[in-house]
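The values are calculated or read from the model by the stated rules, or taken from the named source; none is laboratory data. These numbers come from a predicted model, not from an experiment. Glycine also receives a Cβ, built like all others from the backbone with ideal geometry; neighbour counts cover every protein chain displayed. Heavy atoms of the whole protein, side chains included, go into the accessibility calculation; ligands, DNA and RNA do not. Shrake-Rupley method; radii C 1.70, N 1.55, O 1.52, S 1.80 Å.
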Amino acid sequence: MARSENIYLVGLMGAGKTTIGRQLARALKLPFYDSDKAIEERTGVDIPTIFEFEGEEGFRDREQKMIQQLTQMDGIVLATGGGAVLREENRKLLKKNGFIVYLQCSVERILERTRRDTQRPLLKTDNPRDRIETLFAQREPLYLSCADFKIDTGVMQSKEVVSHILEKYNSINR
């Protein structure tokens, strides 16, 4: 693990990347970025609209460009989109430029947290549980392959998660 000023959060949708990211940024007095929000700001449309007109591949192209830009910055906390790790180039950029934390969360908790969310195109399906299980099976090996630290966000309060991440982060950045 290299010394780094950046913290990058990876994990499935609903794992808490934005919530934890904001709290970490506040604690470290660093700017917070959410790659999905940055894409929406850049394009002027929401993620579901991008999926509708460009498909997942078009969205992933935009996401890769955004991650390329954001990982060039120093001293930030970044919440990546749940699928950002699907592209090897993104995983390489994240590993090269920051401390990666995998926010792991059970399928059950993710279902609870996302059940009323209409802004998640990958959950627009008859069986959200099957979709989340499939995404988990597909993505967890990728999250684990690039993470410097893993923490289960489904079993503790966000403040406790932040505390554990800060402890680990500070131990490698002395």
Query raised in the report: Can you name the number of the only condition in (1) under 11 Å from THR80 (Cβ atoms); (2) in contact with a Lys or Arg (Cβ under 7 Å, 6 or more places away or on another chain) that TYR33 fails?
Result: (2)
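With the requirement that a residue be open to solvent by less than 10 Å² (accessible area, probe 1.4 Å), closer than 19 Å to VAL162 by Cα and either in a helix (DSSP H, G or I) or among the basic types (Lys, Arg) (or both), what does segment 105-119 give you? Explain how you work it out, then say what you get.
From segment 105-119, those open to solvent by less than 10 Å² (accessible area, probe 1.4 Å) are 105, 110, 114; that's our starting set.
Next, from what is left, pick out any that are closer than 19 Å to VAL162 by Cα: 105, 110.
Hit for segment 105-119 is ILE110, nothing else.
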Requested in this report: Working only within segment 29-53, note down all residues that are open to solvent by 20 Å² or more (accessible area, probe 1.4 Å), in contact with a strand residue (DSSP E or B) (Cβ under 7 Å, 6 or more places away or on another chain) and not aromatic (Phe, Trp, Tyr).
Outcome: LEU30, ASP34
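Restricting attention to segment 63-81, which residues are within 21 Å of TYR143 (Cβ to Cβ) and open to solvent by 20 Å² or more (accessible area, probe 1.4 Å)?
Let us first name the residues in segment 63-81 that are within 21 Å of TYR143 (Cβ to Cβ), namely 63-64, 66-68, 70-71, 76-81.
Across segment 63-81, the qualifying residues are GLN64, GLN68.
Could we say that ILE50 is of a type in the set (A, V, I, L, M), in a helix (DSSP H, G or I), more than 17 Å from the chain's Cα centre (by Cα) and over 19 Å from ILE132 (Cα atoms) here?
It is true that ILE50 is of a type in the set (A, V, I, L, M), in a helix (DSSP H, G or I), more than 17 Å from the chain's Cα centre (by Cα) and over 19 Å from ILE132 (Cα atoms).
Just to check your reading of the model, which residue among LEU166, LEU135 is within 17 Å of MET13 (Cβ to Cβ) and open to solvent by less than 50 Å² (accessible area, probe 1.4 Å)? Step through it out loud before you land on a result.
Values: LEU166 fails: within 17 Å of MET13 (Cβ to Cβ).
LEU135 is the lone residue from the list that is within 17 Å of MET13 (Cβ to Cβ) and open to solvent by less than 50 Å² (accessible area, probe 1.4 Å).
Before we move on, is PHE59 hydrophobic (A, V, I, L, M, F, W, C), open to solvent by 10 Å² or more (accessible area, probe 1.4 Å) and over 28 Å from ASN170 (Cα atoms)?
Values: hydrophobic (A, V, I, L, M, F, W, C): yes; open to solvent by 10 Å² or more (accessible area, probe 1.4 Å): no; over 28 Å from ASN170 (Cα atoms): yes.
It is false that PHE59 is hydrophobic (A, V, I, L, M, F, W, C), open to solvent by 10 Å² or more (accessible area, probe 1.4 Å) and over 28 Å from ASN170 (Cα atoms).
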Query - segment 150-163, subset open to solvent by less than 90 Å² (accessible area, probe 1.4 Å) and in a loop (DSSP other than H, G, I, E, B), residue farthest from ARG109 (Cα to Cα) - result: MET156
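Working carefully through the options TYR102, TYR143, find the one that is in contact with a Phe, Trp or Tyr (Cβ under 6 Å, 6 or more places away or on another chain), assigned to a helix (DSSP H, G or I) and either under 26 Å from PHE51 (Cβ atoms) or at pLDDT 95 or above (or both).
Selected residue: TYR143, the only one of TYR102, TYR143 that is in contact with a Phe, Trp or Tyr (Cβ under 6 Å, 6 or more places away or on another chain), assigned to a helix (DSSP H, G or I) and either under 26 Å from PHE51 (Cβ atoms) or at pLDDT 95 or above (or both).
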**Report entry** Where LEU78 falls short, out of the listed (1) over 17 Å from ILE47 (Cβ atoms); (2) among the hydrophobic types (A, V, I, L, M, F, W, C); (3) modelled with pLDDT of 95 or more; (4) not in a helix (DSSP H, G or I)
**Finding:** (1)
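Do you know which residues across segment 13-28 are among the aliphatic types (A, V, I, L, M) and open to solvent by 40 Å² or more (accessible area, probe 1.4 Å)? Before you say what the answer is, go through the steps one by one.
Pass one, segment 13-28, residues among the aliphatic types (A, V, I, L, M): 13, 15, 20, 24-25, 27-28.
Scanning segment 13-28 gives ALA27, LEU28.
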Query raised in the report: surrounded by fewer than 19 Cβ atoms within 10 Å (Cβ to Cβ), more than 17 Å from LYS168 (Cα to Cα), at pLDDT 95 or above and touching a helix residue (DSSP H, G or I) at 6+ places or on another chain (Cβ under 8 Å) - does that describe any residue in segment 89-97?
Result: yes
